[in-house]
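Okay, so here's the structure we're looking at.
Values quoted throughout were computed directly from the atomic coordinates according to the rules given, and no laboratory measurement underlies them. Only a predicted model underlies this, so the values are computations on that prediction, with no experimental measurement involved. We place every Cβ from the backbone using ideal geometry, glycine too, and count neighbours over all the protein chains shown.
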Amino acid sequence: MTPTDRFHLAGVMGWPVMHSRSPLIHNHWFQVQGLKGVYVPLAIEPGRVEAALRALPALGFAGVNVTIPHKQEAMRVVDELDESARRIGAISCVTVRADGRLHGCNNDAFGFVRNLRQQQPAWQPGDGPAVVIGAGGGARAVCWGLLQEGVPQVRLVNRTLERAQALAQALGGPISVHRWDERHELLQDAALVVNTTSAGMVGQPALDLDATRLPVTAIAADIVYIPAETPFLAAARARGLPTVRGLGMLLHQGPLAWKRWFGLEPAVTDELWRLVEASL
């Protein structure tokens with residue numbers, strides 16, 4: 001059976017999951033690529049992840065994306081893990097092998113770096129230190145991605161110092177850990193600052209970070225994508241700083257998943273950006 005003869009099936013597994021924009025993104029690509037198939041939301045309760053993942057081969061799934069709160073539980077179920085998943089400590093994508101075995105990887109770091117390079121193509125890893133705010137799963141992926149790109153120093157800031165220290169120890173490399181009350185001073189010679197917390201998300205307070213401390217050449221990035229522009233990014237843009245919106249991190253994970261699932265790598269186009277932004 002050739003790829004054009006079969007019905008392609010993929011999805012996103014989470015709890016809750018109906019708010020996810022992933023079906024909109026991937027079903028757009030099915031249409032653009034001219035493939036018969038569908039990408040579906042899979043609402044899987046915690047504790048039932050293993051049964052759901054083990055059912056994928058029999059149901060004909062090429063694979064699934066994995067989102068909150070299943071990224072770590074799914075990691076314990078899959079048969080194979082790549083290096084990114086091991087180092088980040090979670091998976092975001094599962095591929096069903098031809099023999100039915102499940103392969104887990106983490107595309108979050110890839111999505112962040114691709115988004116950064118698309119929105120700010122002049123950025124170079126050697127431009128200077130990066131400041132990362134937060135020490136959760138998003139921070140792990142961002143730090144790993146920056147280290148892989150060769151950023152000379154990552155300054156990690158979190159309200160709970162011990163959590164940041166654990167992250168730095170797990171990833172290794174040039175990560176320095178700093179107290180929350182040091183965050184403003186750390187910006188003064190930064191080339192990049194990234195918010196990986198939920199601060200600024202709809203319904204959450206804005207990030208308490210003084211954007212006026214940033215050099216005029218620094219890039220301000222956020223992984224929050226609802227709203228499309230967080231108060232932090234708006235403040236940075238008002239100063240004339242280049243910014244990176246969080247939606248692209250989600251968009252740029254998709255092509256790598258498609259390459260694993262279907263052997264194709266669709267493009268993240270302006271049309272796709274407009275389509276998803278209109279749904280926010």
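Do we find a residue being under 19 Å from I91 (Cβ atoms) and touching a Lys or Arg at 6+ places or on another chain (Cβ under 9 Å) anywhere in the range 124-134?
Start the filter on the range 124-134 by keeping residues that are under 19 Å from I91 (Cβ atoms), which leaves none.
No; the residues of the range 124-134 include none that is under 19 Å from I91 (Cβ atoms) and touching a Lys or Arg at 6+ places or on another chain (Cβ under 9 Å).
Quick one: would you say V276 is in contact with a helix residue (DSSP H, G or I) (Cβ under 9 Å, 6 or more places away or on another chain) and either in a loop (DSSP other than H, G, I, E, B) or crowded, with 22+ Cβ neighbours inside 10 Å (or both)?
Details: in contact with a helix residue (DSSP H, G or I) (Cβ under 9 Å, 6 or more places away or on another chain): yes; either in a loop (DSSP other than H, G, I, E, B) or crowded, with 22+ Cβ neighbours inside 10 Å (or both): no.
So V276 fails the test.
State all residues of the range 150-189 that are touching a strand residue (DSSP E or B) at 6+ places or on another chain (Cβ under 7 Å), within 20 Å of R87 (Cβ to Cβ) and either without any contact (Cβ under 8 Å) to a residue 24 or more places away in the chain or of a type outside the set (D, E, K, R) (or both); if no residue qualifies, say none.
V151, Q153, V154, L156, A164, Q165, L167, A168, P174, I175, S176, V177
For L256, only one of the following conditions fails: (1) part of a helix (DSSP H, G or I); (2) farther than 22 Å from P121 by Cβ; (3) not aromatic (F, W, Y). What is its number?
(2)
Considering only residues that are among the aromatic types (F, W, Y) and under 22 Å from the mean Cα position of the chain (by Cα), look in the range 7-59 and name the one that is surrounded by the fewest Cβ atoms within 10 Å (Cβ to Cβ). Before you say what the answer is, go through the steps one by one.
As a first pass, look at the range 7-59 and keep what is among the aromatic types (F, W, Y): 7, 15, 29-30, 39.
Next, from what is left, pick out any that are under 22 Å from the mean Cα position of the chain (by Cα): 15, 29-30, 39.
Working: W15: 16, W29: 22, F30: 18, Y39: 25.
Within the range 7-59, the match that is surrounded by the fewest Cβ atoms within 10 Å (Cβ to Cβ) is W15.
Those residues that are of a type in the set (A, V, I, L, M), without any contact (Cβ under 8 Å) to a residue 40 or more places away in the chain and assigned to a helix (DSSP H, G or I), I need them from the range 19-57; list them, please. Don't jump to the end; show me each part of the working.
If we filter the range 19-57 for residues that are of a type in the set (A, V, I, L, M), which is where we start, we get 24-25, 32, 35, 38, 40, 42-44, 49, 51-53, 55-56.
Remaining after also requiring without any contact (Cβ under 8 Å) to a residue 40 or more places away in the chain: 38, 40, 42-44, 49, 51-52, 55.
If the condition is that a residue be of a type in the set (A, V, I, L, M), without any contact (Cβ under 8 Å) to a residue 40 or more places away in the chain and assigned to a helix (DSSP H, G or I), then V49, A51, A52, A55 are the ones that fit.
Looking at the range 79-113, which of its residues are among the acidic types (D, E) and under 15 Å from the mean Cα position of the chain (by Cα)? Give the steps one after another, and end with the answer.
Restricting attention to the range 79-113, the residues satisfying the condition of being among the acidic types (D, E) are 79-80, 82-83, 99, 108.
If the condition is that a residue be among the acidic types (D, E) and under 15 Å from the mean Cα position of the chain (by Cα), then D108 is the only one that fits.
Is there any pair with a first residue in the range 190-208 that is part of a loop (DSSP other than H, G, I, E, B) and a second that is surrounded by 12 or more Cβ atoms within 10 Å (Cβ to Cβ) and among the basic types (K, R) whose Cβ atoms are under 9 Å apart and which are 6 or more apart or on different chains, and what are they?
Sorted first by the residue in the range 190-208, then by its partner, the pairs are A190/R155; A190/R213; T196/R140; T197/R159; D208/R183.
All but one of (1) within 24 Å of E185 (Cβ to Cβ); (2) buried (at least 23 other Cβ atoms within 10 Å of the Cβ); (3) touching a helix residue (DSSP H, G or I) at 6+ places or on another chain (Cβ under 9 Å) hold for A257; state the number of the condition that does not hold.
Going through (1) within 24 Å of E185 (Cβ to Cβ); (2) buried (at least 23 other Cβ atoms within 10 Å of the Cβ); (3) touching a helix residue (DSSP H, G or I) at 6+ places or on another chain (Cβ under 9 Å) one by one, A257 breaks only (1).
Within the range 95-118, restricting attention to residues that are buried (at least 16 other Cβ atoms within 10 Å of the Cβ) and polar (S, T, N, Q), which residue is nearest to F262 (Cα to Cα)?
T95
Which one of L192, L214, L207, L186 is over 22 Å from the mean Cα position of the chain (by Cα) and buried (at least 22 other Cβ atoms within 10 Å of the Cβ)? Walk me through it before giving the result.
Details: L192 fails: over 22 Å from the mean Cα position of the chain (by Cα); L207 fails: over 22 Å from the mean Cα position of the chain (by Cα); L186 fails: buried (at least 22 other Cβ atoms within 10 Å of the Cβ).
Being over 22 Å from the mean Cα position of the chain (by Cα) and buried (at least 22 other Cβ atoms within 10 Å of the Cβ) holds for just one of L192, L214, L207, L186, which is L214.
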